[in-house]
Amino acid sequence: MTMPGAALYTSPVHRMVLRGEIPGYARPAVFLDRDGVVNVDKGHVHQVQDFEFMPDALTACRQLACAGFALVVVTNQAGIARGWYGIEDFLRLSEWMAARFLEAGAPLDGIYFCPHHPWGSVPALAEQCACRKPEPGLILTAAEDLRLDLSRSALVGDKWSDIAAGKRAGVGSCLLLRAPAGSAGPERDIAAADAVVADREVTGLADAAEYLSGMRVGVC
């Protein structure tokens with residue numbers, strides 16, 4: 001299945017542009033990390049049967065869309081470079097995911113992904129790129145493609161690399177989704193970058209949507 005208006009570009013950043021017509025004015029957006037924010041992070045999810053939306057994720061995204069935000073997924077997919085799954089697997093899952101967003105009244109404007117990793121086993125993808133977060137390439141490319149106002153935009157991520165990418169790109173509000181108590185992995189990841197400070201901590205997308213929706217005049 002191919003989403004209406006979808007297009008895949010492979011240089012310099014991989015992406016699926018899902019919005020058929022780009023408005024002539026700059027809009028605010030919410031940039032969403034995928035694993036751990038949109039869906040439960042089960043480790044390199046690439047099949048529909050393993051994909052589980054985080055609680056209230058789609059409802060929260062509809063609230064954000066109604067508040068006037070474009071919705072853009074920005075995700076590192078190192079499993080592609082490591083040879084664990086292919087780009088086609090990622091695209092197949094992404095089309096299914098985008099259809100669920102659309103059904104929920106929260107259409108995605110784009111999905112921007114990095115298939116690279118410096119130590120990847122796929123030679124063509126084993127590189128130090130400008131799109132793997134914490135580098136800002138995914139966000140900057142999305143802003144150019146979709147005519148987004150980064151200063152009025154927000155990012156929601158669960159890792160320090162998400163927050164760093166948002167800061168480097170000039171995103172106005174970078175929100176850190178804190179891991180549940182007892183989950184030490186993301187905490188260590190965040191602590192590894194003392195200079196990276198989130199603008200706000202949230203407990204999930206519903207919490208983020210409640211905060212961000214108050215910053216915009218709703219359109220729904």
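Things to note:
- Residue-level check: of (1) open to solvent by less than 10 Å² (accessible area, probe 1.4 Å); (2) under 24 Å from residue 25 (Cα atoms), residue 149 misses just (1).
- Listed by first and then second residue, the pairs linking a residue in region 54-75 that is of a type in the set (S, T, N, Q) to a residue that is outside any loop (DSSP other than H, G, I, E, B) and open to solvent by less than 10 Å² (accessible area, probe 1.4 Å), with Cβ atoms under 6 Å apart and 6 or more places separating them unless they lie on different chains, are 63/209; 75/113.
- Residues in region 81-94 that are more than 17 Å from the chain's Cα centre (by Cα) and either open to solvent by less than 10 Å² (accessible area, probe 1.4 Å) or of a type in the set (Phe, Trp, Tyr) (or both): 3 in all.
- Residue that is farthest from residue 58 (Cα to Cα), among those in region 95-113 that are open to solvent by less than 20 Å² (accessible area, probe 1.4 Å), of a type outside the set (D, E, K, R) and in contact with a helix residue (DSSP H, G or I) (Cβ under 6 Å, 6 or more places away or on another chain): 112
- Only listed residue being at pLDDT 95 or above and either open to solvent by less than 80 Å² (accessible area, probe 1.4 Å) or out of contact with any Phe, Trp or Tyr (no Cβ under 6 Å at 6 or more places or on another chain) (or both), chosen from 192, 209, 179: 209
- Across region 121-137, the number of residues qualifying as open to solvent by less than 20 Å² (accessible area, probe 1.4 Å) and small (Gly, Ala, Ser) comes to 1.
The values are calculated or read from the model by the stated rules, or taken from the named source; none is laboratory data. Fair warning: this is a prediction, and the values are worked out from it, not measured in the lab. Quick reminder, even Gly has a Cβ in these numbers, built from the backbone with ideal geometry, and neighbours come from all protein chains shown. Ligands, DNA and RNA are excluded from the accessible area calculation, which covers all protein heavy atoms including side chains. Shrake-Rupley method; radii C 1.70, N 1.55, O 1.52, S 1.80 Å.
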